[in-house]
Amino acid sequence: MAALAPSQLQSFLAFDFGTRRIGVASGTRLLGVAQPRGTVKSGDFAAIAALVKTWQPDALVVGVPRHPDGVPHEMTAKAQNFGRRLSGRYHLPVFEVDERYTSVEAEAEGAHDVDAAAAALILEQFFREHP
């Protein structure tokens, strides 16, 4: 989906896609950390557009779930479709990150907004994988 190398980009919005809710986080390569930015209703592209306008990211990151053994499942395709829709709507590079267990990790850390915290974990994983 993305045309530019991740290292050429500096600011990002990340999404933990779900069929009911989408967690959102933002972060910059400079700091290498992400901040949870809340949750939007799945399919609420007006709310996502407002976030893109506010944060003006260079690129977007979407968490793509898989089975523990790495095999794709129904939500894998839905998250990838969401990423394609983001790319088409906002004309920004979109990167996928394997997001197995991010919600479980966010919950274990006591996050108030598990979806947004999972999005932050997804973005921080992206920063580790693409220094």
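Overview of results
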item	result
Residue among Arg20, Arg84, Arg89, Arg29 that alone is basic (Lys, Arg), touching a residue at least 12 places away in the same chain (Cβ under 8 Å) and under 15 Å from Phe127 (Cα atoms)	Arg29
Extreme residue, surrounded by the fewest Cβ atoms within 10 Å (Cβ to Cβ), among residues of the stretch 11-64 that are under 18 Å from Ser87 (Cβ atoms) and charged (D, E, K, R)	Lys53
The stretch 76-131, subset aromatic (Phe, Trp, Tyr) and closer than 18 Å to Arg21 by Cβ, residue farthest from the chain's Cα centre (by Cα)	Tyr101
Every residue from the stretch 77-96 that is closer than 17 Å to Ala119 by Cβ and assigned to a helix (DSSP H, G or I)	Lys78, Ala79, Gln80, Phe82, Gly83, Arg85, Leu86, Tyr90
Scan of the stretch 76-131 for residues that are of a type in the set (Val, Ile, Thr) and either touching a Lys or Arg at 6+ places or on another chain (Cβ under 6 Å) or within 15 Å of Ile48 (Cα to Cα) (or both), ordered by number	Thr76, Val94
Single unsatisfied condition, Ala106 versus (1) part of a helix (DSSP H, G or I); (2) crowded, with 17+ Cβ neighbours inside 10 Å; (3) modelled with pLDDT of 95 or more; (4) not hydroxyl-bearing (Ser, Thr, Tyr)	(3)
Those residues of the stretch 95-120 which are touching a Ser or Thr at 6+ places or on another chain (Cβ under 7 Å) and within 16 Å of Arg66 (Cα to Cα), in sequence order	Ala118
Residue count, the stretch 66-76 (criterion: in a helix (DSSP H, G or I) and aliphatic (A, V, I, L, M))	1
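The values are calculated or read from the model by the stated rules, or taken from the named source; none is laboratory data. Quantities reported herein were computed from a predicted structural model and do not represent experimental measurements. Neighbour counts run over all protein chains shown; Cβ positions are idealised from the backbone, glycine included.
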